[in-house]
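Please read the structure below before turning to the comments.
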Amino acid sequence: MPKSIKKAFSFNPKKLIIIVPAVSILLLFALLYTFKGVFVAAMVNNQLISRQELDRELEKQAGKQALENMIIEKLILQEAKKKGVTVASDQVDQKLVEIDEQFKTQGQSLDTYLASRGQTKDDVKKQVKVQLLVEKMLGDSVKVTDEEIKDYFDKNKSMFPKDATLESQKDEIKNSLTQEKLSTSFQSWIENLKKDAKINYFINL
């Protein structure tokens, strides 16, 4: 074989050592560019804000409240299990129908509202189930009497339409007073659950 051909097809390990790292670097840059959103959140005058920095800031701002909400949810579910309190799926579905009807009276829909908040019906079902469990466990403390409904109507007549009657507003008033009582009872109830529970924190927020 002529020397020129041999030279063309000859193997030079030194050249390979140089070429391989160069190709690797190009591939790395290509991957970083393609998946830049995974690593980089924004760039300000050529200065990067990394996704890790963003995650840390979000954790500081909302992490504490999010963790607290998750702890409260766990305590509620554990207490319900301990007391044998359950909620049937059809009860949750019925509550969703009622919520959807309330949105419709305001010219909206539950689906539209959820989409705007990046949530799904499964998220709401979970929240509704927890709320119904709380209502069952605190049922005795949130009962509203007819006297309380009448008293509320008489003191707040200016809030209702001129032709409104006690009977026409009874359900709405009852729901409002029930939620008010539930909120008050819930605060002290959940604080007692937290005091009795063993809660260990493994991160500082």
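The values are calculated or read from the model by the stated rules, or taken from the named source; none is laboratory data. Predicted model, so just to flag it, every value in this text is computed and none were measured. With ideal geometry, Cβ positions are generated from the backbone for all residues, glycine too; neighbour counts draw on all protein chains shown.
If residue 63 passes every condition in (1) more than 17 Å from the chain's Cα centre (by Cα); (2) surrounded by 13 or more Cβ atoms within 10 Å (Cβ to Cβ); (3) assigned to a helix (DSSP H, G or I) but one, which one does it miss?
(1)
As an exercise: evaluate residue 41 against (1) under 26 Å from residue 179 (Cα atoms); (2) not in a helix (DSSP H, G or I) and give the number of the one condition it does not meet.
(1)
Would you tally the residues in segment 168-205 being in a helix (DSSP H, G or I) and within 15 Å of residue 74 (Cα to Cα)?
9
Do you know which of the residues in segment 71-108 that are of a type in the set (D, E, K, R) and under 26 Å from residue 189 (Cα atoms) is nearest to the chain's Cα centre (by Cα)? Walk me through how you get there before you give the answer.
Residues of segment 71-108 that are of a type in the set (D, E, K, R), as a first pass: 73-74, 79, 81-83, 90, 93, 95, 98, 100-101, 104.
Subsequent filtering for residues that are under 26 Å from residue 189 (Cα atoms) retains 73-74, 79, 81-83, 95.
Numbers: 73: 12, 74: 14, 79: 21, 81: 23, 82: 25, 83: 26, 95: 19 Å.
Within segment 71-108, the match that is nearest to the chain's Cα centre (by Cα) is 73.
Hey, residue 142 hits all of (1) at pLDDT below 90; (2) surrounded by 11 or more Cβ atoms within 10 Å (Cβ to Cβ); (3) more than 20 Å from residue 86 (Cα to Cα) but one; which does it fall short on?
Residue 142 satisfies every listed condition except (3).
Here is a list of conditions, (1) over 25 Å from residue 90 (Cα atoms); (2) in contact with a Phe, Trp or Tyr (Cβ under 8 Å, 6 or more places away or on another chain), and residue 197 meets all of them except one; can you say which number that is?
Every condition holds for residue 197 apart from (2).
Tell me, which residue of segment 98-109 that is within 16 Å of residue 128 (Cα to Cα) and modelled with pLDDT under 85 is surrounded by the most Cβ atoms within 10 Å (Cβ to Cβ)? Please lay out each step first, then the result.
Let us first name the residues in segment 98-109 that are within 16 Å of residue 128 (Cα to Cα), namely 98-103.
Next, from what is left, pick out any that are modelled with pLDDT under 85: 102-103.
On the way: 102: 11, 103: 15.
Among those that are within 16 Å of residue 128 (Cα to Cα) and modelled with pLDDT under 85, it is 103.
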